[in-house]
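Here is the structure we will look at, set down as structure tokens.
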Amino acid sequence: MPDHAEPTSPVPDIDDRGPSRRRVRAVLFDFHGTLAQVEEASQWVLAAASACGVDLDRARATALADRLLTAGRAGGPLPARVPPHLAELWADRDLYEHAHRGAYTGLADTVDAGIAGFAEALYERLLVPQGWVPYPDTGPTLAALRAADVRVAVVSNIGFDIRPLFDAWGLAELVDAHVLSYEVGRCKPDPAIFWRACGMLGVDPEEALMVGDSPADAGAVAAGCAALILPAADPGRPNSLGSVLDLLPTP
């Protein structure tokens, strides 16, 4: 998905002093793969087909899911190949809403499912809370940061508004700012997107910790932030997000 935008320049090494030696006044979180994961692929296919008035059996849904993942799923693996007619939309997918939708519905259309409106239904699933699964530690970690008076921003390479998802999950009040690439015109690892987040939170970059799951997130180091890179986990499984709390100063 948008959070997968490829780095446009080499990503610097993580500050070897480590974030624990800094005063952390703000934490910047990646979205996909860090705070939440897309629903399991077969369930995604079943739900989209149902929205089109088609009931699939599990075997066909699994087979379609495998083909769609190869073609390229928003929030899933990068496509094995981007068709030439989608190249421009693909390049701009994290900068414009129409490009994001066009790129991913176009990729889904390369898989002949024989279901009218299926590509659009797959994309629409991305826009609703039911299409995502917050990690188990997301709510408790955000709540602990709020209790510790640490400001929080979500910094995401993405082509649609994720605020309604946080509203539905009851997490909106725990996030101080959303810095979304398609709104600010910059994608990670561009330092400008991290500077924008720090500015919105009212902190210096040296006081901020970026938490993510990709080299693009580690690009925050070039902006002066510390960075913590965690492994992405399957939907519903812990992803060590709570380790962020270990990096906060002891009261």
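The values are calculated or read from the model by the stated rules, or taken from the named source; none is laboratory data. Computed from a prediction, not measured in an experiment: that's the story for all the values here. Don't worry about glycine lacking a Cβ; one is built from the backbone with ideal geometry, like all the others, and counts go over all protein chains shown. These area figures cover heavy atoms from the full protein model, side chains too; ligands, DNA and RNA do not enter into them. Shrake-Rupley method; radii C 1.70, N 1.55, O 1.52, S 1.80 Å.
Among the residues of the range 80-90, what is the count of those that are open to solvent by less than 20 Å² (accessible area, probe 1.4 Å) and at pLDDT below 95?
Number of matching residues: 0.
Can you tell me which of Leu126, Leu64 is of a type outside the set (Asp, Glu), open to solvent by less than 50 Å² (accessible area, probe 1.4 Å) and under 29 Å from Phe194 (Cα atoms)?
Leu126
Going through the range 216-251 one residue at a time, which ones are aliphatic (A, V, I, L, M), within 18 Å of Val38 (Cβ to Cβ) and not in a loop (DSSP other than H, G, I, E, B)?
Ala216, Leu241
Considering only residues that are farther than 23 Å from Arg101 by Cα and free of Cβ contacts under 8 Å to residues at least 60 places away in the same chain, look in the range 177-197 and name the one that is nearest to the chain's Cα centre (by Cα).
Ala177
The conditions are (1) more than 27 Å from Val150 (Cβ to Cβ); (2) at pLDDT 95 or above, and Pro77 fails exactly one of them. Which is it?
The single condition Pro77 does not satisfy is (2).
Considering every residue within the range 199-209, establish whether at least one is farther than 21 Å from Leu145 by Cβ and open to solvent by 10 Å² or more (accessible area, probe 1.4 Å).
Checking the range 199-209: not a single residue is farther than 21 Å from Leu145 by Cβ and open to solvent by 10 Å² or more (accessible area, probe 1.4 Å).
Name every residue in the range 39-89 that is touching a residue at least 40 places away in the same chain (Cβ under 8 Å), closer than 30 Å to Met210 by Cβ and touching a Pro at 6+ places or on another chain (Cβ under 7 Å), in order of residue number.
Glu39, Glu40
Would you check which residues across the range 91-119 are farther than 14 Å from Tyr182 by Cβ, surrounded by 16 or more Cβ atoms within 10 Å (Cβ to Cβ) and not small (Gly, Ala, Ser) and list them?
Thr105, Leu107, Asp109, Thr110, Val111, Ile115, Phe118 - these are the residues of the range 91-119 that are farther than 14 Å from Tyr182 by Cβ, surrounded by 16 or more Cβ atoms within 10 Å (Cβ to Cβ) and not small (Gly, Ala, Ser).
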